[in-house]
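To start, the structure itself, in structure tokens.
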Amino acid sequence: MSTKGQSIIIKRVKKGGHGGGHGGSWKVAYADFVTAMMAFFLLMWLLSMVSPDKRVKLAGYFSTLSIYDSVGFSFLGKGADVLDTQIPRSEIMPSDKQSGSFFSIRDELQKKLKEQIEKKMADVKDQVMVDVVENGVRIQLVDKEGKPMFDLGKADLTPDAKKIIKIVTENIKDINDAKVSIEGHTDALNYATTKYTNWELSTDRASTARKELEVNGLNPDHIAKVAGFAATDLLIKTSPTDPRNRRISILVFSETRGDYVKKIDVIKELSKPK
């Protein structure tokens, strides 16, 4: 067959390129992301270099700023004059009894409680454990052979336990931002009946301690939690029947960091045998 007079079409396919149909658009998105992250960390670094009083002023500015209303104030035309505005020291560094100040006094609270217990309750001072934990101060009243903090098998406080709780209450009741969590714990000795178990006993003892705190002047609004753990959280893990496992734990913590108690609850829940 003759091909004379027919046009020859040559199709050239362009090879290479960057990502086919996407081209190089991903590079633009990635560059934007890196730029945003750099700006964020630069902002964090700058804020860390700003003095606490100026951070308060900046926070005050942004908390009142609105694009719809004419509330707040503007930095425009004022420059450094805004940051030079005097702010009462109480807004920058709260006093010991103001909200958010608990962390500044928890070491002092621990020391004060230990001193008063050693002075006023010297005969049972070894049954009171006061220590600073991640988010507050923990006071534990533990049993001792022949010297219980509660009547045996009951939720009634002994006279010594009432005196200790009174000392604790006197030292924490005026801390405005303090919250209190009360836990009851028992040893591994079980009741002969299933009608009343260590779960009920530990819960009843925690509730009794709560009532005693309130009788001595603690505001009920400061109570965050009252719970019984039976023998699931032993103090002396190597000896489940040790009398020191029978105890009341009073945790005093900051209202602004109440998540600590929630975290402890999660840890305890996860550590329970399945």
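Of note:
- Candidate set from region 147-163 (those that are outside any loop (DSSP other than H, G, I, E, B) and closer than 18 Å to Val226 by Cβ); member that is most open to solvent (accessible area, probe 1.4 Å): Lys162
- Within region 185-211, considering residues that are among the β-branched types (Val, Ile, Thr) and in a helix (DSSP H, G or I), the one surrounded by the most Cβ atoms within 10 Å (Cβ to Cβ): Thr208
- Selection within region 122-149 - more than 31 Å from the chain's Cα centre (by Cα) and more than 15 Å from His185 (Cα to Cα): Ala122, Asp123, Glu145, Gly146, Lys147
- Count of residues meeting criterion [of a type in the set (A, V, I, L, M) and in contact (Cβ under 8 Å) with a residue 40 or more places away in the chain] in region 128-160: 8
The values are calculated or read from the model by the stated rules, or taken from the named source; none is laboratory data. It should be emphasised that the depicted structure is a prediction, and the values quoted were computed from it without experimental measurement. Note that each Cβ is placed from the backbone with ideal geometry, even for glycine, and that neighbours are counted across all protein chains shown. These area figures cover heavy atoms from the full protein model, side chains too; ligands, DNA and RNA do not enter into them. Shrake-Rupley method; radii C 1.70, N 1.55, O 1.52, S 1.80 Å.
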